[in-house]
Amino acid sequence: MPDRPALRVPLDDCGLARAVTVIGDRWTLLVLREAHYGVTRFDEMRADLEIPKAALSSRLKGLVDEELLERRPYREEGSRTRDEYVLTPKGRALLPALIALMQWGDRYANTGALRFHHAGCGGTVTARLVCDCGHLAEPADLVATATEDADLVAEESR
């Protein structure tokens, strides 16, 4: 990798830091996984994840507060009204990141019980870095630059 100046990015200006604040713990990521798999009800999530009730309640509240999930009431015959938790567009937009994390786990943690396929052709879906022009970009090909409103400091590499 060529020598490039190191960028010092204040946490308040970092999208990754903000994302980790919202979704960065294990339970939150797994609750989002469940929602992407179509599991929307509290009891089903709790059973699938073997998560403590208080932890699940807390994660669901946070995801609703951050507008990644929305509550929708439902009622089964003979039961009281309950809420299910449905992904919002903001929550659905996390799927590429979740697939990338899953594929990383498949490769480096020797797991791999699930694959995603394109409904149109049946091909396996993979997370890739692609530039605006459509070129596949390898990590070594990337150059980080500050946005116009960013106040970053570039330091020469040692």
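The values are calculated or read from the model by the stated rules, or taken from the named source; none is laboratory data. Computed from a prediction, not measured in an experiment: that's the story for all the values here. Backbone-built Cβ (ideal geometry, glycine too); neighbour counts: all protein chains shown. For the accessible areas, the whole protein counts, side chains as well, though only heavy atoms, and no ligand, DNA or RNA atoms are used. Shrake-Rupley method; radii C 1.70, N 1.55, O 1.52, S 1.80 Å.
3J(HN,Hα) along region 70-80, derived from phi through the Karplus expression 6.51 cos²θ - 1.76 cosθ + 1.60 where θ = phi - 60°, amounts to 10, 7, 10, x, 9, 8, 8, 4, x, 10, 6 Hz, with x in place of Gly and Pro.
3J(HN,Hα) along region 88-103, derived from phi through the Karplus expression 6.51 cos²θ - 1.76 cosθ + 1.60 where θ = phi - 60°, amounts to 8, x, 4, x, 5, 5, 7, 4, x, 5, 5, 5, 4, 5, 4, 5 Hz, with x in place of Gly and Pro.
Which of rounded, prolate or oblate describes region 42-84 when judged by the alpha-carbon gyration tensor and an a/c cut-off of 1.5? Oblate shape, in that a/c is at least 1.5 and b/c is the bigger or equal ratio.
In terms of accessible area, using a 1.4 Å probe and ignoring ligands and nucleic acids, Arg59, Arg26 rank largest first as Arg26, Arg59. Each of (i) 67, 39, 29; (ii) 93, 31, 22; (iii) 84, 32, 28 is a candidate for Cα extents along the principal axes in Å; the one calculated from this structure is (i). Relative to the current alpha-carbon distance between Phe42 and Glu148, full extension at 0.36 nm per residue lengthens the span by 33.9 nm.
Rolling a 1.4 Å probe over the heavy atoms of the protein chains gives the chain an accessible area of 74 Å² per residue.
In the chain, helical runs assigned H by DSSP with n ≥ 4 each contribute -39500 (n - 2.57); averaged across all residues and rounded to the nearest 500, the mean residue ellipticity at 222 nm is -11000 deg cm²/dmol. When the solvent-accessible area of the chain is split by element, carbon and sulfur atoms take up 52 percent of it, the probe being 1.4 Å. Here the gap between Lys61 and Cys121, fully extended at 0.36 nm per residue and compared with their Cα-Cα distance, gives a gain of 17.9 nm. In the elastic network of the chain, a GNM with C-alpha springs shorter than 10 Å, the most mobile of Pro96, Pro139, Pro73 is Pro139. Out of residues 5 or more away from Glu84 or on other chains, whose amide H comes under 5 Å of its own, with H placed 1.01 Å from N in the peptide plane? Those qualifying (amide H under 5 Å, at least 5 residues apart or on another chain) are Arg72, Tyr74.
Using the Cβ-Cβ distance between Cys131 and Glu50 with R0 set to 35 Å, the FRET efficiency from 1/(1 + (r/R0)^6) comes to roughly 0.30.
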